[in-house]
Amino acid sequence: MTRSEAAAFLKAHDNYVILTHRRPDGDACGCAIALCRALQALGKAAVIYDNPQFTARFAPYLAGLTRGGIFPDDTLISVDLAADNLLPFGAEDAPGRIRLAIDHHGSHSLTADHCLLEADRAACGEIIYGLLAELGVQPDRKTADALYIAISTDTGCFRYSNVTSSTLRVAAELIDCGANIAPINKLFFDTKSFARLQLEARLTGSVELYANGTVGICTLPKAWLSELHVSEDDIDSISGFARSIEGVEIGIMIREVEGGMGKISLRTSPNYDAAALCRELGGGGHAAAAGCSVAGGIDAAKAAILDVLRRSGVRL
């Protein structure tokens with residue numbers, strides 16, 4: 001669908017439930033909040049599915065907008081959700097019921113009736129902002145805040161290579177709409193808990209360098225989270241930890257997650273395609289940031305991604 005076609009769809013239906021992906025980040029949460037508020041402004045019944053992995057950082061912005069459960073007469077929409085296996089816990093049976101998917105991942109494969117996909121956008125928040133214009137909804141301050149969170153978090157506060165002139169224009173227009181960016185920037189980019197600092201110290205000790213220092217791998221066992229009392233908010237943006245090391249062009253974070261899986265997150269320089277590498281293991285994402293999951297925990301995930309790198313020509 002185009003933006004105008006998606007807007008026409010949204011105007012023609014009602015009883016919306018908006019889905020976000022597992023471990024929802026700022027882009028997913030911000031998009032869901034902004035779209036929910038816009039639909040309500042149009043007089044539609046709209047809620048956000050109460051993702052059990054929403055974290056405390058987003059609670060004030062989500063207040064009053066969430067609801068648990070999905071019912072037969074709901075019209076399901078997804079935002080920033082690229083694949084069926086990323087559906088939130090409790091909504092795993094949603095494939096086949098999602099009417100409209102709104103996304104910016106080039107690897108998008110989610111089962112949905114319609115898709116508004118703009119893979120050249122730095123954040124899904126850019127798409128939602130344009131969609132609101134098509135709907136004739138002027139963002140109020142809370143909606144502008146949500147969209148600024150979406151765009152700023154998915155661009156590392158406008159530091160990543162995915163930033164375009166369009167990204168910056170949208171951010172400027174959100175400020176004109178009343179987005180209060182100073183406290184948002186402080187909360188998301190300039191505040192770390194002591195637990196996060198302790199975790200970074202352990203991650204530094206876990207770093208393994210390969211290929212003359214151009215490949216860096218960090219591992220994050222589940223036990224560390226409980227030992228250090230680390231919250232999900234504390235590990236926001238942790239995926240890029242190894243990539244921040246001087247000389248590293250392929251930064252890899254491997255995290256032990258539920259079900260005995262090893263979750264691999266890649267952050268790469270323009271010399272490598274993170275999405276193509278992760279696609280070899282059933283994942284996807286963007287050229288500079290992508291992910292996948294491998295059965296067998298950290299050890300199996302490390303062996304798998306190193307094998308992918310070898311086969312892609314990286315001399316480890």
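Would you be able to say whether some residue in the range 187-200 is farther than 23 Å from CYS157 by Cα and either open to solvent by 70 Å² or more (accessible area, probe 1.4 Å) or not small (Gly, Ala, Ser) (or both)? Spell out the reasoning first.
Step one: filter the range 187-200 for residues farther than 23 Å from CYS157 by Cα, giving 198.
The next check asks that each one be either open to solvent by 70 Å² or more (accessible area, probe 1.4 Å) or not small (Gly, Ala, Ser) (or both); those that pass are 198.
There is at least one residue in the range 187-200 that is farther than 23 Å from CYS157 by Cα and either open to solvent by 70 Å² or more (accessible area, probe 1.4 Å) or not small (Gly, Ala, Ser) (or both).
Going through GLU173, GLU208, GLU227 one at a time, which residue ends up being of a type outside the set (Val, Ile, Thr), out of contact with any Pro (no Cβ under 7 Å at 6 or more places or on another chain) and touching a residue at least 40 places away in the same chain (Cβ under 8 Å)?
Details: GLU208 fails: touching a residue at least 40 places away in the same chain (Cβ under 8 Å); GLU227 fails: touching a residue at least 40 places away in the same chain (Cβ under 8 Å).
Within the list GLU173, GLU208, GLU227, the selection yields GLU173.
For the range 65-75, what are the residues that are open to solvent by 40 Å² or more (accessible area, probe 1.4 Å) and closer than 26 Å to ASP234 by Cβ? Show your work before the answer.
To start, the set of residues in the range 65-75 that are open to solvent by 40 Å² or more (accessible area, probe 1.4 Å) comprises 66-68, 70-73.
THR66, GLY68 - these are the residues of the range 65-75 that are open to solvent by 40 Å² or more (accessible area, probe 1.4 Å) and closer than 26 Å to ASP234 by Cβ.
Of the conditions (1) within 21 Å of LEU316 (Cα to Cα); (2) modelled with pLDDT under 95; (3) open to solvent by less than 30 Å² (accessible area, probe 1.4 Å), ALA211 clears all except one; give me its number.
(2)
So, ALA101, is that one outside any loop (DSSP other than H, G, I, E, B), at pLDDT 95 or above and within 21 Å of ASP233 (Cα to Cα) or not? Walk me through it before giving the result.
Numbers: outside any loop (DSSP other than H, G, I, E, B): yes; at pLDDT 95 or above: yes; within 21 Å of ASP233 (Cα to Cα): no.
So ALA101 fails the test.
Within the bounds of the range 14-31, is there any residue that is over 24 Å from ARG121 (Cβ atoms) and at pLDDT 95 or above? Steps first, please.
Initial filter on the range 14-31 (over 24 Å from ARG121 (Cβ atoms)): 14-15.
If we keep only those that are at pLDDT 95 or above as well, we get 14-15.
Yes, there is a match, as at least one residue in the range 14-31 is over 24 Å from ARG121 (Cβ atoms) and at pLDDT 95 or above.
Given the conditions (1) of a type outside the set (Asp, Glu); (2) open to solvent by 70 Å² or more (accessible area, probe 1.4 Å); (3) farther than 25 Å from ARG22 by Cα; (4) not in a loop (DSSP other than H, G, I, E, B), report the number of the one that ALA171 does not fulfil.
ALA171 satisfies every listed condition except (2).
Only one of (1) surrounded by fewer than 24 Cβ atoms within 10 Å (Cβ to Cβ); (2) touching a residue at least 60 places away in the same chain (Cβ under 8 Å) fails for GLY43. Which number is that?
Condition (2) is where GLY43 drops out.
Can THR219 be described as closer than 26 Å to ALA290 by Cα, open to solvent by 30 Å² or more (accessible area, probe 1.4 Å) and of a type in the set (S, T, N, Q)?
Working: closer than 26 Å to ALA290 by Cα: yes; open to solvent by 30 Å² or more (accessible area, probe 1.4 Å): no; of a type in the set (S, T, N, Q): yes.
Against the criterion (closer than 26 Å to ALA290 by Cα, open to solvent by 30 Å² or more (accessible area, probe 1.4 Å) and of a type in the set (S, T, N, Q)), THR219 does not qualify.
Please indicate, with yes or no, whether at least one residue in the range 219-232 is under 29 Å from ALA56 (Cβ atoms) and within 16 Å of the chain's Cα centre (by Cα). Walk me through how you get there before you give the answer.
Looking only at the range 219-232, we keep the residues that are under 29 Å from ALA56 (Cβ atoms), and these are 219-232.
Subsequent filtering for residues that are within 16 Å of the chain's Cα centre (by Cα) retains 232.
Taking every residue of the range 219-232 in turn, at least one turns out to be under 29 Å from ALA56 (Cβ atoms) and within 16 Å of the chain's Cα centre (by Cα).
The values are calculated or read from the model by the stated rules, or taken from the named source; none is laboratory data. Please read these numbers as outputs of a predicted model, since none were measured by experiment. FYI the Cβ positions are ideal-geometry reconstructions off the backbone, even for glycines, and counts take in every protein chain you see. Accessible surface is based on the protein model in full, side chains and every heavy atom, while ligands, DNA and RNA are left aside. Shrake-Rupley method; radii C 1.70, N 1.55, O 1.52, S 1.80 Å.
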